[in-house]
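**Q** Take this structure first; my questions come after.
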């Protein structure tokens with residue numbers, strides 16, 4: 001039985017929830033989000049799989065792995081796990097697991113292209129992998145909610161404002177001025193960084209993921225691929241690469 005017939009699980013545990021992808025080979029069949037640890041534990045204890053990979057920043061991955069009693073093979077993503085790409089990052093032990101999974105997902109989707117992964121989450125991360133499968137690094141910037149929170153936290157009178165889709169260039173209230181500065185400023189940052197990468201790398205594919213991806217999807221210039229499940233796909237590609245070794 002080849003990989004295309006096997007059932008794999010990719011588990012991405014963040015600070016507030018765990019995302020689980022069920023794959024048949026490289027094809028994502030179903031995905032779930034669990035906000036309660038007991039729900040994830042029950043699912044893993046009762047699901048039979050040919051292999052599971054776990055990426056966790058919030059919980060001990062060894063504990064999560066122990067729940068997957070019916071998994072034939074288990075992998076916990078860390079800096080020692082072999083990757084289907086070449087990692088040129090200078091401090092690999094400090095590299096975020098979601099970042100490395102994201103570029104692996106991008107390389108799986110566009111294996112012969114230069115790719116920039118923009119993950120719009122708590123932080124905005126920019127990660128570049130070239131057409132030869134070399135991950136070179138990128139950048140980290142404060143995310144949308146973090147910027148609104150910073151404006152409120154580090155001043156004595158400015159309110160905490162939530163993002164809106166239709167933001168004016170010229171605000172005429174304090175709240176709309178904050179909206180204008182934060183949202184328009186971040187959109188300009190994103191477009192500016194993307195333009196600089198496009199000027200440097202031919203045929204660049206820009207892939208947008210993360211919790212705020214939908215918010216920015218229609219605000220960015222040029223061709224953008226919005227792939228919300230990119231990290232899960234990247235984790236699965238790492239799993240299959242290791243299963244085949």
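The values are calculated or read from the model by the stated rules, or taken from the named source; none is laboratory data. This one's a predicted model, so the numbers in the text were calculated from it and none came from an experiment. Neighbour counts run over all protein chains shown; Cβ positions are idealised from the backbone, glycine included.
**Q** In segment 98-134, which residues are under 25 Å from residue 59 (Cα atoms), in a helix (DSSP H, G or I) and in contact (Cβ under 8 Å) with a residue 60 or more places away in the chain?
**A** Correct list: 98, 100, 101, 102, 103, 104, 105.
**Q** Further, regarding this structure: Go through (1) over 26 Å from residue 244 (Cβ atoms); (2) at pLDDT 95 or above for residue 95 and report which single condition fails.
**A** It fails just one condition, (1).
**Q** A follow-up question, please. Can we say residue 239 is touching a residue at least 24 places away in the same chain (Cβ under 8 Å), more than 10 Å from the chain's Cα centre (by Cα) and within 28 Å of residue 54 (Cα to Cα)?
**A** yes
**Q** Looking at (1) farther than 30 Å from residue 80 by Cα; (2) surrounded by 15 or more Cβ atoms within 10 Å (Cβ to Cβ); (3) modelled with pLDDT under 95, find the lone condition where residue 211 falls short.
**A** With respect to (1) farther than 30 Å from residue 80 by Cα; (2) surrounded by 15 or more Cβ atoms within 10 Å (Cβ to Cβ); (3) modelled with pLDDT under 95, residue 211 is out only on (1).
**Q** Please find, among 138, 121, the residue that is at pLDDT below 95, in contact with a helix residue (DSSP H, G or I) (Cβ under 9 Å, 6 or more places away or on another chain) and crowded, with 17+ Cβ neighbours inside 10 Å.
**A** Of 138, 121, the one residue that is at pLDDT below 95, in contact with a helix residue (DSSP H, G or I) (Cβ under 9 Å, 6 or more places away or on another chain) and crowded, with 17+ Cβ neighbours inside 10 Å is 121.
**Q** Within the bounds of segment 164-171, is there any residue that is over 30 Å from residue 75 (Cα atoms) and in contact (Cβ under 8 Å) with a residue 60 or more places away in the chain?
**A** no
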